[in-house]
Amino acid sequence: MAKEKILMIEDEKNIVELVKYNLEEQGYSVAAEMRGDQGLQRAIKEIPDLILLDLMLPGMNGIDICKTLKNNEKTSHVPVIMLTAKSEELDKVLGLEIGADDYMTKPFSPRELVARIKAVLRRGQERQTDTVLKAGTLEVDDSRHVVKLKNKVVELTAKEYDLLKALMEVKGRVVTREHLLDHVWGYDQSLNIETRTVDMHIGQLRKKLKNEAERIVTVKNVGYRFEIDE
Ligand code: CA
């Protein structure tokens, strides 16, 4: 197996050396950049398997770098572990939901960092296997319950999410309104939910799916079909 590449963007030389030594000992290939802007450029150019990202950096800060990486189609899948100096900074990072996969507060033990890296890389591999449904620029990550359009998160209600999943799961087959009611609402006569409810929610869902809205095709008098690329 090829060595997994880790890019470290960190401006404290002693941390870079310590981490590099420990990761190389574990069989990883490690590159380091000390300026934020240069680190970002390198990440986009080389697409590493994982990025260790400091928060306070010259050139560009870790928060902006992480957001940029997560919004870039080429790098959005690359896991990012943020390295923060103080717990106050950690609160800031957590509050902003910048899309980092994990966080470590300095000072940290190299052993713990290695354990986190392994866990994050393993999660990424599991995720790639089969929990992600894709169609064009639309992506439904069921393990994380996240829907993305052109790599940007789309906020769906729980019902909209279940509807979309039910439509996408059957891979292009027609789904009846009754099936959707049963599947998404747990159809119960006493709830007095009408098939019209499905149509209303589909309408909302289409609005949110923007450029991919046309994939949800109405099959007259029957239900809906989700168009997939063969
Ligand atoms: Ca720093």
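The values are calculated or read from the model by the stated rules, or taken from the named source; none is laboratory data. All of these numbers come straight from a predicted model, not from anything done at the bench. We place every Cβ from the backbone using ideal geometry, glycine too, and count neighbours over all the protein chains shown. Areas reflect the complete protein model, heavy atoms only, side chains present, ligands, DNA and RNA absent. Shrake-Rupley method; radii C 1.70, N 1.55, O 1.52, S 1.80 Å.
A few notes on this one:
- Strands (runs of 3 or more DSSP E) wholly inside the range 127-173 containing at least 2 residues that are aliphatic (A, V, I, L, M) and modelled with pLDDT under 90: 132-135
- Tally, over the range 24-73, of residues that are away from the ligand (no atom under 16 Å from the Cβ) and closer than 18 Å to residue 101 by Cα: 13
- Residue ID - surrounded by the most Cβ atoms within 10 Å (Cβ to Cβ), chosen from residues in the range 74-89 that are more than 16 Å from the ligand (Cβ to nearest atom) and in contact (Cβ under 8 Å) with a residue 40 or more places away in the chain: 79
- Residue count for the range 100-118, restricted to those that are loosely packed, with under 13 Cβ neighbours inside 10 Å and more than 13 Å from residue 18 (Cβ to Cβ): 1.
- Filtered residues of the range 214-230 (kept if surrounded by fewer than 16 Cβ atoms within 10 Å (Cβ to Cβ) and either in a strand (DSSP E or B) or more than 26 Å from the chain's Cα centre (by Cα) (or both)): 217, 218, 219, 220, 221, 222
- In the range 2-23, the qualifying residues are those that are more than 27 Å from the chain's Cα centre (by Cα) and of a type in the set (Asp, Glu), and the one that is farthest from the ligand (Cβ to nearest atom) is 17.
- Pairs, first in the same structural domain as residue 202 (by TED's automatic domain parsing) and over 15 Å from residue 221 (Cα atoms) in the range 168-182, second open to solvent by less than 70 Å² (accessible area, probe 1.4 Å) and of a type in the set (Phe, Trp, Tyr), C-beta under 7 Å, six or more apart: 168/226; 172/226
- Positions within the range 10-30 being in contact (Cβ under 8 Å) with a residue 12 or more places away in the chain and more than 18 Å from residue 107 (Cβ to Cβ), in sequence order: 26, 27, 28, 29, 30
- Any hit, the range 98-108, residues being out of contact with any strand residue (DSSP E or B) (no Cβ under 9 Å at 6 or more places or on another chain) and either within 20 Å of residue 153 (Cα to Cα) or within 12 Å of the ligand (Cβ to nearest atom) (or both): no
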